[in-house]
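Just below is one structure, and these are the notes that go with it.
The values are calculated or read from the model by the stated rules, or taken from the named source; none is laboratory data. What you see is a predicted model; the values in this text were computed from it and never measured. Counting neighbours? That spans all protein chains shown, and the Cβs are built from the backbone with ideal geometry, glycine included. We work out accessible area using only protein heavy atoms, side chains counted, and drop any ligands, DNA or RNA first. Shrake-Rupley method; radii C 1.70, N 1.55, O 1.52, S 1.80 Å.
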Amino acid sequence: MIQAGAGLPRHVPRGVRPALEELLDLRRYGSGMRRLLALDADRREGARAPAARSQGMDYVESRPYSPGDDVRRIDWRVTARTGRAHTKIFRPERGGDVVCLVDQRAPMHFGTRAAFKSVVAAHVAALAGWAAAAGGERFGAHVAGARARHVPLGAAEGAAATLCSALAAQEPGEEEPLERLAALAAAEAPLGTRFVLVSDLAEPEAALERAAQSLRARGELTIVCVRDPLELRLPPPARYPLTDGRERLVLDTASAGVRAAHARALEAHRARLHRLASHPGTRCLALCAGEDLFGMRAAA
């Protein structure tokens, strides 16, 4: 099997804050990032696209009706067969816009190897912009936890450079929930937009699902989940000091309770990713700090 990142050099983000020069230099890898984010998938699959359309969208499936669904999309045939109201789900035709939502809130400023999660996320977001530029598309971005939190949709070259500057500035802003940011992005985005959400997905699951639903309603969604090695595997049993620069605590990995709690949290997070990826029009990729960014893979 050929990996999407094949042919790209190894790239491991490092440090506690992104450097503007490094973010701008990622421009050379825009074409390769298009493969990782599957931004050209519609061009490869165009000849096989389903024929059934509604308002410029492809029919995907029917699912049980949920409060708030558009009653004009009720699937009366499935409703009659099952005795339960069902709604038709459509996948919008892809347009020429890419919008990135990148998490730079306080929990992302954490790391035990190579880089903070916020730095890894910044590199992914910059690459999303350069990928849009490589395809001659428009690009826009929303940054959670930064003062300069909105890059309006526009020519990708300039918009990507603006995002790089905002990420490198590291000016703290409102710790805005991803759900609210997603609603803003969806409201401004044309139908068929391709969204890229970069976060550690630490939101409560219900809020995270509402955020994803807002974005899926306007187009397709790729989620890049950024984690730290400590969140995936505890180090050998010992007492490890941790600090945020103000407070200190000790992580006792010899404690059976700590190890059990870590295992439960890890399994719950994996199940959350699996549920997100199960929705039509959604892809989930996983990336860990200290690893090759271009080696990101489908979330297990």
Judged on accessible area alone, 1.4 Å probe, highest first, ARG259, ARG194, ARG216 line up as ARG259, ARG216, ARG194
Plugging the Cβ-Cβ distance of VAL250 and GLU205 into 1/(1 + (r/R0)^6) at R0 = 30 Å yields, to the nearest 0.05, a FRET efficiency of 0.55
Here, LEU266 and GLU175, labelled 7 Å along Cα→Cβ, have an inter-label distance in nm of 2.7 nm
Checked against the structure, the computed semi-axes √(5λ) of the Cα gyration tensor in Å among [x] 29, 25, 17; [y] 33, 25, 18; [z] 42, 23, 16 is the one labelled [y]
In nanometres, the difference between 0.36 nm per residue of separation and the alpha-carbon distance of LEU24 and ARG233 is 72.0 nm
Sorted by chain and number, the residues with a modelled amide H under 5 Å from that of THR222, at a separation of 5 or more or across chains, are PHE195, VAL196, LEU197, ARG283
Scoring region 77-203 by relative contact order with C-alpha pairs under 8 Å, at least six apart, yields a percentage of 33 percent
Computed for the chain: size of charge dipole around the Cα centre, +1 on C-beta of each Lys and Arg, -1 on C-beta of each Asp and Glu, debye to nearest 20, value 840 debye
Note on region 170-300: contact order normalised by length, alpha-carbon pairs under 8 Å, 6 or more apart, percent, works out to 23 percent
For ALA106, placing the label point 7 angstrom along Cα-to-beta-carbon and taking region 227-268, residues whose amide nitrogen sits under 18 Å are 242-250
Carbon plus sulfur, as percent of the 1.4 Å-probe accessible area of region 240-287, comes to 57 percent
Between the modelled labels at TYR240 and VAL12 (7 Å from Cα along Cα→Cβ) the distance in nm is 1.6 nm
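Quick one: dipole size for region 164-244, taken about the Cα centre, charges +1 on Lys/Arg Cβ and -1 on Asp/Glu Cβ, in debye to the nearest 20.
So the dipole magnitude of region 164-244 works out to roughly 340 debye.
Output the relative contact order of the chain, whole-number percent, from Cα pairs under 8 angstrom with separation of 6+ residues. Don't jump to the answer; show the numbers that get you there.
Values: 596 pairs, mean separation 60.6, N = 300.
This gives 20 percent for the chain.
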In the neighbourhood of GLN104 defined by beta carbon distances under 13 Å, the net charge of the other residues (Lys, Arg +1; Asp, Glu -1) is -1
Projected onto the charge dipole of region 142-201 (unit charges on the beta-carbon of Lys, Arg, Asp and Glu, signs +1, +1, -1, -1), the Cα from ALA156, ALA146, PRO177 with the largest positive-side position is that of ALA156
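How long is the gain from ALA217 to HIS150 if the chain were fully straight, where each residue apart is worth 0.36 nm and the alpha carbon distance is subtracted?
Stretched out fully, the ALA217 to HIS150 stretch lengthens by 22.1 nm.
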Residue-ordered couplings for region 8-15, obtained by feeding phi - 60° into the Karplus form 6.51 cos²θ - 1.76 cosθ + 1.60 and rounding to whole Hz (Gly and Pro as x), are 9, x, 5, 9, 10, x, 9, x
Ignoring GluC sites (Glu not before Pro) buried by more than 13 other Cβ within 10 Å or outside DSSP loops, the longest site-free run in the chain is 1-173
With the 1.4 Å probe rolled over protein heavy atoms, the chain has an accessible area per residue in Å² of 50 Å²
In whole Hz, the Karplus estimates of ³J(HN,Hα) for region 278-287 (6.51, -1.76, 1.60; θ = phi - 60°; x where Gly or Pro) are 6, 7, x, x, 10, 10, 10, 10, 10, 8
Karplus-derived 3J(HN,Hα) from phi for region 223-238 (6.51 cos²θ - 1.76 cosθ + 1.60, θ = phi - 60°), whole Hz, x at Gly and Pro, runs 9, 10, 8, 9, 10, 9, x, 5, 6, 9, 8, 6, x, x, x, 4
Nearest-0.05 FRET efficiency for ARG275 and THR79 at R0 = 22 Å, using Cβ-Cβ distance, is 0.35
For VAL258 the rounded accessible area (nearest 10 Å², probe 1.4 Å, non-protein molecules ignored) is 50 Å²
For region 79-213, the dipole about the Cα centre with charges only on Cβ (Lys and Arg +1, Asp and Glu -1), to the nearest 20 debye, works out at 480 debye
